[in-house]
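Student: Below are the structure tokens for one structure; questions will follow.
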Amino acid sequence: MGNQPNVRLRAAIFLTIAAVAAVALGVVVVGLYQQYVIRIAEAEREEHVEFYLVAASELNPGIPITENDLFAVEIAPRYLHKQGGEGSNLFTNYEKIRSRMPKERILPNEFIREERLADKDAGTGLNALIPRGMRAIAVQLTGGRAVSGFLSPWDFVDVMVTFTPEDALEAETHYLQQSVLVLGVGHRATDEEEVDNRRMTRLERRRVAQAKQTVTLAVSPQQAEWIAHGQALGKLTLTLRNNADVEPVEGLTGVGTVDLFGVQTRQSSEP
């Protein structure tokens with residue numbers, strides 16, 4: 001009989017703990033249910049979407065965009081930018097890009113972005129692609145000196161010049177400019193177009209062949225002076241750079257026959 005109060009006390013404590021646990025579990029279950037109901041409501045709610053313009057085919061620099069070059073896709077803005085589409089620089093209205101030109105190649109199914117287009121006040125043609133403060137200069141190249149088959153608009157190249165100084169008998173090669181932007185390759189500012197030689201006269205084929213050896217570069221006015229003088233002085237050669245590697249290389253002093261073969265020129269070997 002003496003243990004009966006202790007048993008009742010333990011039973012009361014156990015029941016109290018069980019009741020508290022049941023209440024806590026009920027609160028958790030209700031909370032989970034409410035979250036579940038909210039998520040279902042959000043999933044069933046119709047999400048706001050917008051129509052954004054996308055390239056229907058490849059768009060090339062220097063060619064104005066037409067309505068046939070585009071189509072619209074319906075997508076929720078939150079998938080395009082972390083702030084719900086704001087700041088994504090996408091277009092929803094064709095009138096805002098009518099007759100504007102890409103300043104770099106835009107691939108099919110790629111969204112049209114403001115930063116991929118030339119300045120709308122820059123005009124048309126090649127002049128619209130020239131960055132502000134820069135100039136376009138054409139250099140005449142032949143064969144491998146133009147990185148034949150690999151060079152495309154918006155690549156970066158280094159320009160070298162090979163010439164024979166007046167006081168030497170052997171030619172020297174020096175870097176003239178580094179990390180120069182290519183605006184155009186061939187006879188237009190877009191990828192080289194196919195030409196049906198069967199319908200062209202010999203003179204026309206010669207002119208096209210000469211034009212295909214032309215590379216147009218975007219340079220500063222001072223760089224234009226250097227390159228123009230380099231063309232008059234000797235032969236120019238372009239070396240293609242990786243677009244992620246455009247930092248200038250220091251300490252390049254040029255090479256001559258002595259550097260290549262260890263053979264001095266006749267003039268330099270005289271006493």
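The values are calculated or read from the model by the stated rules, or taken from the named source; none is laboratory data. In this text the structure is predicted, and so the values were computed from the model without any measurement. Cβ: placed from backbone, ideal geometry, glycine included. Neighbour counts: every protein chain shown.
Student: Filter the range 35-51 for residues that are over 19 Å from ILE97 (Cα atoms) and of a type in the set (D, E, K, R); which is surrounded by the fewest Cβ atoms within 10 Å (Cβ to Cβ)? Walk me through it before giving the result.
Tutor: Start the filter on the range 35-51 by keeping residues that are over 19 Å from ILE97 (Cα atoms), which leaves 35-49.
Narrowing further to those that are of a type in the set (D, E, K, R): 39, 42, 44-47.
Details: ARG39: 10, GLU42: 9, GLU44: 7, ARG45: 8, GLU46: 5, GLU47: 11.
Among those that are over 19 Å from ILE97 (Cα atoms) and of a type in the set (D, E, K, R), it is GLU46.
Student: Still on this structure, I have one more. With respect to SER88, is the statement that it is among the polar types (S, T, N, Q), at pLDDT below 80 and touching a helix residue (DSSP H, G or I) at 6+ places or on another chain (Cβ under 8 Å) true?
Tutor: Taking the combined requirement at face value, the residue satisfies it.
Residues checked against (1) exposed (fewer than 13 other Cβ atoms within 10 Å of the Cβ); (2) modelled with pLDDT of 85 or more; (3) outside any helix (DSSP H, G or I):
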position	(1), (2), (3)
ALA11	yes, no, no
PHE14	yes, no, no
ALA19	yes, no, no
ALA24	yes, yes, no
TYR33	yes, no, no
LEU53	no, yes, yes
SER57	no, yes, yes
GLY62	no, no, yes
ASN109	yes, yes, yes
